[in-house]
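Q: Please read through the structure below; I'll follow up with questions.
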Amino acid sequence: MVSFSDIFDSLANGPRGCVAVAAANDKNVLLAVNKATEMEIAEAVLIGRKQAIVSAGKEAGVDVERFTIIEESNEDDACRLAVRLAREGRADVIMKGLVPTASVLKAVLNKEIGVRDRALLSHVSMFYLDALKRSILLTDAGMCIAPDITTKKQIIANAVTIGRLLGVEIPKVACVCALEKVNEAMPATLDAAQLVAMNQEGEIADCIVGGPFALDNALFEEAAKIKGITDPVAGFADILLMPDIEAGNVLYKAFALLCNGQSAAIIAGAKVPVIITSRSDSDETKLNSIGLALYLSKKKRKQNNSYD
(Lines give C-alpha, C1' and ligand atoms only; values in the text may rest on other atoms or scores of the structure.)
Protein backbone atom coordinates (compact mmCIF):
# COMPACT_ATOMS: atom_id res chain seq x y z
CA MET A 1 0.00 0.00 0.00
CA VAL A 2 1.26 3.46 -0.84
CA SER A 3 2.53 5.78 1.88
CA PHE A 4 1.52 9.39 2.50
CA SER A 5 4.78 10.45 0.86
CA ASP A 6 3.82 8.46 -2.23
CA ILE A 7 0.41 10.13 -2.26
CA PHE A 8 1.76 13.67 -2.08
CA ASP A 9 4.52 12.93 -4.62
CA SER A 10 1.92 11.62 -7.05
CA LEU A 11 -0.31 14.66 -6.60
CA ALA A 12 2.60 17.04 -7.11
CA ASN A 13 3.10 15.61 -10.61
CA GLY A 14 -0.38 16.31 -11.90
CA PRO A 15 -3.13 18.92 -12.19
CA ARG A 16 -4.59 20.33 -8.99
CA GLY A 17 -7.82 18.85 -7.72
CA CYS A 18 -10.64 20.99 -6.40
CA VAL A 19 -11.92 20.78 -2.81
CA ALA A 20 -15.41 22.15 -2.14
CA VAL A 21 -15.63 23.16 1.53
CA ALA A 22 -19.12 23.45 3.00
CA ALA A 23 -19.46 26.12 5.72
CA ALA A 24 -15.79 27.01 5.34
CA ASN A 25 -15.53 29.29 8.39
CA ASP A 26 -13.39 26.75 10.27
CA LYS A 27 -9.85 27.96 10.93
CA ASN A 28 -8.30 24.48 11.18
CA VAL A 29 -9.88 23.38 7.91
CA LEU A 30 -8.68 26.62 6.30
CA LEU A 31 -5.14 25.93 7.54
CA ALA A 32 -5.21 22.47 5.91
CA VAL A 33 -6.70 23.75 2.67
CA ASN A 34 -4.19 26.61 2.55
CA LYS A 35 -1.29 24.19 3.04
CA ALA A 36 -2.61 21.96 0.25
CA THR A 37 -2.71 24.94 -2.10
CA GLU A 38 0.79 26.00 -1.06
CA MET A 39 1.94 22.48 -1.93
CA GLU A 40 0.32 23.05 -5.35
CA ILE A 41 -1.82 19.93 -5.11
CA ALA A 42 -5.22 21.58 -4.63
CA GLU A 43 -7.45 24.53 -5.26
CA ALA A 44 -10.50 25.26 -3.16
CA VAL A 45 -14.00 26.66 -3.32
CA LEU A 46 -15.09 28.03 0.05
CA ILE A 47 -18.85 28.05 0.56
CA GLY A 48 -20.65 29.85 3.38
CA ARG A 49 -20.96 33.27 4.98
CA LYS A 50 -18.12 35.28 3.46
CA GLN A 51 -17.70 37.53 6.47
CA ALA A 52 -17.36 34.52 8.78
CA ILE A 53 -14.94 32.82 6.38
CA VAL A 54 -12.76 35.95 6.19
CA SER A 55 -12.84 36.26 9.99
CA ALA A 56 -11.81 32.62 10.44
CA GLY A 57 -9.07 33.12 7.87
CA LYS A 58 -7.67 36.10 9.75
CA GLU A 59 -7.68 34.10 12.99
CA ALA A 60 -5.79 31.32 11.24
CA GLY A 61 -3.42 33.65 9.39
CA VAL A 62 -4.79 32.54 6.02
CA ASP A 63 -5.54 34.94 3.18
CA VAL A 64 -8.86 33.47 2.04
CA GLU A 65 -9.17 36.02 -0.77
CA ARG A 66 -6.85 33.77 -2.78
CA PHE A 67 -9.68 31.22 -2.98
CA THR A 68 -13.03 31.28 -4.73
CA ILE A 69 -15.64 32.18 -2.10
CA ILE A 70 -19.34 31.57 -2.73
CA GLU A 71 -21.70 33.39 -0.40
CA GLU A 72 -24.30 31.14 1.19
CA SER A 73 -25.80 32.13 4.52
CA ASN A 74 -27.68 28.89 5.16
CA GLU A 75 -25.53 25.95 6.33
CA ASP A 76 -27.71 23.28 4.73
CA ASP A 77 -27.68 25.17 1.43
CA ALA A 78 -23.89 25.43 1.67
CA CYS A 79 -23.68 21.65 2.01
CA ARG A 80 -26.03 21.12 -0.92
CA LEU A 81 -23.99 23.50 -3.08
CA ALA A 82 -20.74 21.69 -2.27
CA VAL A 83 -22.37 18.42 -3.26
CA ARG A 84 -23.82 19.91 -6.44
CA LEU A 85 -20.38 21.17 -7.49
CA ALA A 86 -19.05 17.64 -7.09
CA ARG A 87 -22.01 16.12 -8.91
CA GLU A 88 -21.45 18.51 -11.83
CA GLY A 89 -17.73 17.71 -11.99
CA ARG A 90 -16.65 21.13 -10.75
CA ALA A 91 -15.17 19.72 -7.53
CA ASP A 92 -13.25 16.52 -6.92
CA VAL A 93 -13.70 16.32 -3.16
CA ILE A 94 -16.32 17.45 -0.63
CA MET A 95 -15.02 18.66 2.74
CA LYS A 96 -16.91 19.48 5.92
CA GLY A 97 -16.26 22.86 7.52
CA LEU A 98 -17.97 24.31 10.58
CA VAL A 99 -21.26 22.48 10.13
CA PRO A 100 -22.84 19.37 11.67
CA THR A 101 -21.77 16.12 10.03
CA ALA A 102 -25.42 15.17 9.58
CA SER A 103 -25.97 18.19 7.34
CA VAL A 104 -23.18 17.15 4.98
CA LEU A 105 -24.32 13.53 4.86
CA LYS A 106 -27.92 14.56 4.25
CA ALA A 107 -26.81 16.48 1.17
CA VAL A 108 -24.56 13.66 -0.01
CA LEU A 109 -27.45 11.19 0.26
CA ASN A 110 -30.10 13.49 -1.23
CA LYS A 111 -31.91 11.55 -3.97
CA GLU A 112 -32.11 14.54 -6.30
CA ILE A 113 -28.75 16.28 -5.94
CA GLY A 114 -26.69 13.78 -3.94
CA VAL A 115 -23.66 11.72 -4.90
CA ARG A 116 -24.42 8.34 -3.33
CA ASP A 117 -22.62 5.61 -5.25
CA ARG A 118 -23.30 2.56 -3.09
CA ALA A 119 -25.92 1.33 -0.67
CA LEU A 120 -23.79 2.21 2.34
CA LEU A 121 -21.51 5.08 3.33
CA SER A 122 -18.71 4.04 5.70
CA HIS A 123 -15.70 5.57 7.40
CA VAL A 124 -12.28 4.44 6.16
CA SER A 125 -9.09 5.71 7.77
CA MET A 126 -5.51 5.22 6.64
CA PHE A 127 -2.60 4.99 9.05
CA TYR A 128 1.13 4.72 8.60
CA LEU A 129 2.48 3.09 11.75
CA ASP A 130 6.18 3.02 12.61
CA ALA A 131 5.73 -0.28 14.45
CA LEU A 132 4.63 -1.88 11.17
CA LYS A 133 6.72 0.21 8.78
CA ARG A 134 3.73 0.26 6.42
CA SER A 135 0.28 1.67 5.81
CA ILE A 136 -2.98 0.02 6.83
CA LEU A 137 -6.69 0.83 6.60
CA LEU A 138 -9.07 0.85 9.56
CA THR A 139 -12.86 0.65 9.26
CA ASP A 140 -15.38 1.69 10.58
CA ALA A 141 -14.47 4.25 13.24
CA GLY A 142 -17.01 6.94 12.50
CA MET A 143 -20.19 5.97 10.67
CA CYS A 144 -21.71 2.54 11.23
CA ILE A 145 -22.58 2.10 14.91
CA ALA A 146 -23.40 -1.59 15.36
CA PRO A 147 -23.08 -3.24 11.94
CA ASP A 148 -24.78 -6.56 11.27
CA ILE A 149 -23.33 -9.13 8.90
CA THR A 150 -24.84 -7.48 5.81
CA THR A 151 -23.49 -4.09 6.80
CA LYS A 152 -20.06 -5.54 7.53
CA LYS A 153 -20.02 -7.05 4.07
CA GLN A 154 -20.68 -3.58 2.61
CA ILE A 155 -18.07 -1.98 4.88
CA ILE A 156 -15.53 -4.50 3.58
CA ALA A 157 -16.47 -3.73 -0.03
CA ASN A 158 -15.94 0.01 0.50
CA ALA A 159 -12.59 -0.51 2.21
CA VAL A 160 -11.40 -3.01 -0.39
CA THR A 161 -12.19 -0.48 -3.10
CA ILE A 162 -9.98 2.06 -1.32
CA GLY A 163 -7.24 -0.50 -0.72
CA ARG A 164 -7.10 -1.42 -4.38
CA LEU A 165 -6.90 2.24 -5.41
CA LEU A 166 -3.99 2.55 -2.96
CA GLY A 167 -2.06 -0.16 -4.74
CA VAL A 168 -3.05 -3.45 -3.08
CA GLU A 169 -4.53 -5.67 -5.79
CA ILE A 170 -5.97 -8.25 -3.38
CA PRO A 171 -6.25 -6.65 0.07
CA LYS A 172 -6.08 -8.87 3.14
CA VAL A 173 -8.99 -8.08 5.48
CA ALA A 174 -8.69 -9.02 9.16
CA CYS A 175 -11.88 -9.32 11.20
CA VAL A 176 -10.64 -7.97 14.54
CA CYS A 177 -12.20 -9.36 17.72
CA ALA A 178 -11.08 -9.88 21.32
CA LEU A 179 -9.55 -13.26 20.50
CA GLU A 180 -8.72 -15.46 17.55
CA LYS A 181 -11.20 -18.27 18.15
CA VAL A 182 -14.91 -18.53 17.41
CA ASN A 183 -16.82 -18.21 20.66
CA GLU A 184 -20.60 -18.59 20.79
CA ALA A 185 -20.76 -15.95 23.52
CA MET A 186 -18.95 -13.36 21.36
CA PRO A 187 -21.07 -12.35 18.34
CA ALA A 188 -18.18 -10.60 16.58
CA THR A 189 -16.33 -13.92 16.28
CA LEU A 190 -19.42 -15.54 14.75
CA ASP A 191 -19.66 -12.68 12.24
CA ALA A 192 -15.98 -13.12 11.41
CA ALA A 193 -16.42 -16.81 10.65
CA GLN A 194 -19.44 -16.06 8.46
CA LEU A 195 -17.59 -13.30 6.57
CA VAL A 196 -14.68 -15.68 5.93
CA ALA A 197 -17.13 -18.25 4.54
CA MET A 198 -18.78 -15.62 2.34
CA ASN A 199 -15.37 -14.65 0.99
CA GLN A 200 -14.44 -18.26 0.26
CA GLU A 201 -17.75 -18.76 -1.57
CA GLY A 202 -17.13 -15.66 -3.72
CA GLU A 203 -19.84 -13.51 -2.16
CA ILE A 204 -17.18 -11.06 -0.94
CA ALA A 205 -14.78 -10.50 -3.82
CA ASP A 206 -11.42 -8.94 -4.68
CA CYS A 207 -9.89 -9.61 -1.27
CA ILE A 208 -8.96 -12.30 1.26
CA VAL A 209 -10.95 -12.21 4.49
CA GLY A 210 -9.52 -13.83 7.61
CA GLY A 211 -10.51 -14.12 11.23
CA PRO A 212 -11.46 -13.89 13.91
CA PHE A 213 -8.17 -12.31 14.98
CA ALA A 214 -6.99 -10.48 18.05
CA LEU A 215 -5.23 -7.27 17.04
CA ASP A 216 -1.71 -8.59 17.64
CA ASN A 217 -2.01 -11.63 15.42
CA ALA A 218 -3.79 -9.62 12.73
CA LEU A 219 -0.81 -7.25 12.41
CA PHE A 220 2.30 -9.09 13.58
CA GLU A 221 3.54 -12.29 11.95
CA GLU A 222 5.43 -13.38 15.07
CA ALA A 223 2.31 -13.09 17.22
CA ALA A 224 0.41 -15.25 14.76
CA LYS A 225 3.19 -17.86 14.77
CA ILE A 226 3.21 -18.03 18.56
CA LYS A 227 -0.52 -18.78 18.49
CA GLY A 228 -0.05 -21.33 15.68
CA ILE A 229 -2.24 -19.35 13.28
CA THR A 230 -1.55 -20.21 9.63
CA ASP A 231 -4.24 -18.07 8.00
CA PRO A 232 -2.65 -16.08 5.13
CA VAL A 233 -4.11 -12.85 6.52
CA ALA A 234 -2.58 -13.33 9.98
CA GLY A 235 0.26 -10.87 10.53
CA PHE A 236 -0.22 -9.24 7.13
CA ALA A 237 -3.57 -7.46 7.32
CA ASP A 238 -4.07 -4.52 4.97
CA ILE A 239 -7.53 -3.71 6.33
CA LEU A 240 -8.72 -3.97 9.93
CA LEU A 241 -12.47 -4.57 10.09
CA MET A 242 -13.60 -3.56 13.57
CA PRO A 243 -16.60 -5.21 15.26
CA ASP A 244 -18.41 -1.94 16.03
CA ILE A 245 -17.93 1.81 16.17
CA GLU A 246 -16.76 1.81 19.80
CA ALA A 247 -13.85 -0.51 19.06
CA GLY A 248 -13.09 1.30 15.81
CA ASN A 249 -13.12 4.75 17.38
CA VAL A 250 -10.98 3.69 20.35
CA LEU A 251 -8.37 2.10 18.07
CA TYR A 252 -8.42 5.07 15.71
CA LYS A 253 -7.63 7.46 18.55
CA ALA A 254 -5.07 5.11 20.08
CA PHE A 255 -3.20 4.92 16.78
CA ALA A 256 -3.43 8.70 16.28
CA LEU A 257 -2.71 9.90 19.81
CA LEU A 258 -0.57 7.20 21.40
CA CYS A 259 1.28 5.72 18.44
CA ASN A 260 1.95 9.01 16.64
CA GLY A 261 0.51 7.42 13.55
CA GLN A 262 0.24 9.49 10.41
CA SER A 263 -3.44 9.35 9.54
CA ALA A 264 -6.18 10.38 7.15
CA ALA A 265 -9.86 9.57 6.89
CA ILE A 266 -12.66 9.78 4.35
CA ILE A 267 -16.25 8.67 3.96
CA ALA A 268 -16.42 6.02 1.24
CA GLY A 269 -19.39 4.92 -0.81
CA ALA A 270 -20.07 8.22 -2.58
CA LYS A 271 -19.14 9.14 -6.13
CA VAL A 272 -16.46 11.46 -4.78
CA PRO A 273 -14.48 11.22 -1.53
CA VAL A 274 -16.04 13.07 1.39
CA ILE A 275 -13.83 14.46 4.16
CA ILE A 276 -15.46 14.70 7.57
CA THR A 277 -12.70 15.23 10.09
CA SER A 278 -13.09 15.45 13.83
CA ARG A 279 -12.44 18.67 15.76
CA SER A 280 -9.74 16.71 17.63
CA ASP A 281 -7.94 15.65 14.45
CA SER A 282 -4.61 17.39 13.95
CA ASP A 283 -3.89 19.82 11.12
CA GLU A 284 -1.62 17.12 9.69
CA THR A 285 -4.51 14.64 9.65
CA LYS A 286 -6.74 17.16 7.89
CA LEU A 287 -4.03 17.80 5.29
CA ASN A 288 -3.41 14.07 4.87
CA SER A 289 -7.15 13.57 4.42
CA ILE A 290 -7.19 16.14 1.62
CA GLY A 291 -4.22 14.38 0.02
CA LEU A 292 -5.84 10.94 0.34
CA ALA A 293 -9.16 12.18 -1.06
CA LEU A 294 -7.53 13.90 -4.04
CA TYR A 295 -5.39 10.83 -4.72
CA LEU A 296 -8.43 8.53 -4.71
CA SER A 297 -10.32 10.94 -6.95
CA LYS A 298 -7.40 10.99 -9.37
CA LYS A 299 -7.19 7.19 -9.41
CA LYS A 300 -10.94 6.90 -9.88
CA ARG A 301 -10.87 9.15 -12.93
CA LYS A 302 -8.20 6.93 -14.45
CA GLN A 303 -10.52 3.97 -14.00
CA ASN A 304 -13.23 5.50 -16.19
CA ASN A 305 -15.19 7.01 -13.34
CA SER A 306 -15.69 3.70 -11.56
CA TYR A 307 -14.25 2.55 -8.26
CA ASP A 308 -14.41 -1.07 -9.42
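The values are calculated or read from the model by the stated rules, or taken from the named source; none is laboratory data. This structure is a prediction, so every number in the text was calculated from the model and none was measured. Quick reminder, even Gly has a Cβ in these numbers, built from the backbone with ideal geometry, and neighbours come from all protein chains shown. Quick note on the areas: whole protein, heavy atoms, side chains included, nothing else; ligands and nucleic acids left out. Shrake-Rupley method; radii C 1.70, N 1.55, O 1.52, S 1.80 Å.
Q: Got a sec? Which residues in the stretch 232-254 would a label at Leu179 touch, if it sits 7 Å along Cα→Cβ and we count backbone N under 20 Å?
A: Those under the cut-off are 234-235, 242-244, 247.
Q: On to the next question. Leaving out ligands and nucleic acids, and using a 1.4 Å probe, what accessible area per residue does the stretch 116-231 come to in Å²?
A: 44 Å²
Q: Another question, if that's okay. Take the alpha-carbon centre of the stretch 14-29, take the same for the stretch 144-211, and report the distance between them in whole Å.
A: 33 Å
Q: Quickly work out the Met39-to-Ile149 label distance, labels modelled 7 Å from Cα along the C-beta direction, and quote it in nm with one decimal.
A: Going from the Ile149 label point to the Met39 one covers 4.2 nm.
Q: Loop only by DSSP, 14 or fewer other Cβ within 10 Å of the Cβ. Give me the chymotrypsin sites (Phe, Trp or Tyr not before Pro) in the stretch 152-249 that pass, ordered by residue number.
A: Answer in residue order: no site qualifies.
Q: Taking the chain as a Gaussian network, Cα atoms linked when under 10 Å apart, which of Leu257, Leu215, Leu46 shows the biggest mean-square fluctuation?
A: So, out of Leu257, Leu215, Leu46, the one fluctuating most is Leu257.
Q: Follow-up question, since we're still on this one. At most 12 other Cβ atoms within 10 Å and a DSSP loop assignment: could you name the GluC sites (Glu not before Pro) in the stretch 177-265 that fit?
A: Values: sites: Glu180, Glu184, Glu201, Glu203, Glu221, Glu222, Glu246; in loops: Glu180, Glu184, Glu201, Glu203.
Hits after loop and neighbour filter: Glu184, Glu201, Glu203.
Q: What residues of the stretch 225-269 lie in the reach of a label at Gln194, counting those whose backbone N is under 15 Å from a point 7 Å from the Cα along Cα→Cβ?
A: 243-244
Q: Local charge sum around Val64 (other residues, Cβ-Cβ under 14 Å, Lys/Arg +1, Asp/Glu -1)?
A: My count for the surroundings of Val64 gives -1.
Q: Next question. Loop only by DSSP, 11 or fewer other Cβ within 10 Å of the Cβ. Give me the GluC sites (Glu not before Pro) in the stretch 1-100 that pass, ordered by residue number.
A: Answer by residue number: Glu40, Glu88.
Q: If amide H atoms are built 1.01 Å from N in the plane of the peptide, which residues on other chains or at least 5 residues away come under 5 Å of the amide H of Ile208?
A: The list, which skips near neighbours in sequence, is Lys172, Val173.
Q: Also, quick follow-up: Counting only DSSP beta bridges with both residues in the chain, tell me the antiparallel percent, nearest 5.
A: Among the beta bridges of the chain, antiparallel pairing accounts for roughly 35 percent.
Q: Would you please give the FRET efficiency between Glu246 and Asn110, computed as 1/(1 + (r/R0)^6) with r the Cβ-Cβ distance and R0 = 30 Å, to the nearest 0.05? Mind dumping the intermediate values first?
A: Numbers: r = 29 Å, r/R0 = 0.97.
Approximately 0.55, to the nearest 0.05.
Q: While we're on this one: Which one, Ser122, Ser55, Ser263, has the greatest fluctuation when you compute a Gaussian network model over the chain with C-alpha springs under 10 angstrom?
A: Ser55
Q: Using helices alone, what [θ] at 222 nm do you get for the chain, with -39,500 (n - 2.57) per DSSP H run of 4 or more residues, divided over all residues and rounded to the nearest 500? Mind dumping the intermediate values first?
A: On the way: 11 runs with 130 residues, N = 308.
Here the helix-only value at 222 nm equals -13000 deg cm²/dmol.
Q: On to the next question. Can you list residues from other chains, or at least 5 along the same chain, whose modelled amide H is less than 5 Å from the amide H of Asp140?
A: HN-HN under 5 Å from Asp140: Met242.
Q: Let me ask another. Contour minus end-to-end for Lys227 and Cys259, with contour as 0.36 nm per residue of separation and end-to-end as the Cα-Cα distance? Walk me through the numbers before you get to the answer.
A: Numbers: separation 32, 0.36 × 32 = 11.52 nm, distance 2.46 nm.
Length gained, Lys227 through Cys259: 9.1 nm.
Q: Moving to a separate point now. Could you please state how large a percent of the accessible area of the chain is carbon and sulfur, counting protein chains only and using a 1.4 Å probe?
A: Within the chain, the accessible surface is 48 percent carbon and sulfur.
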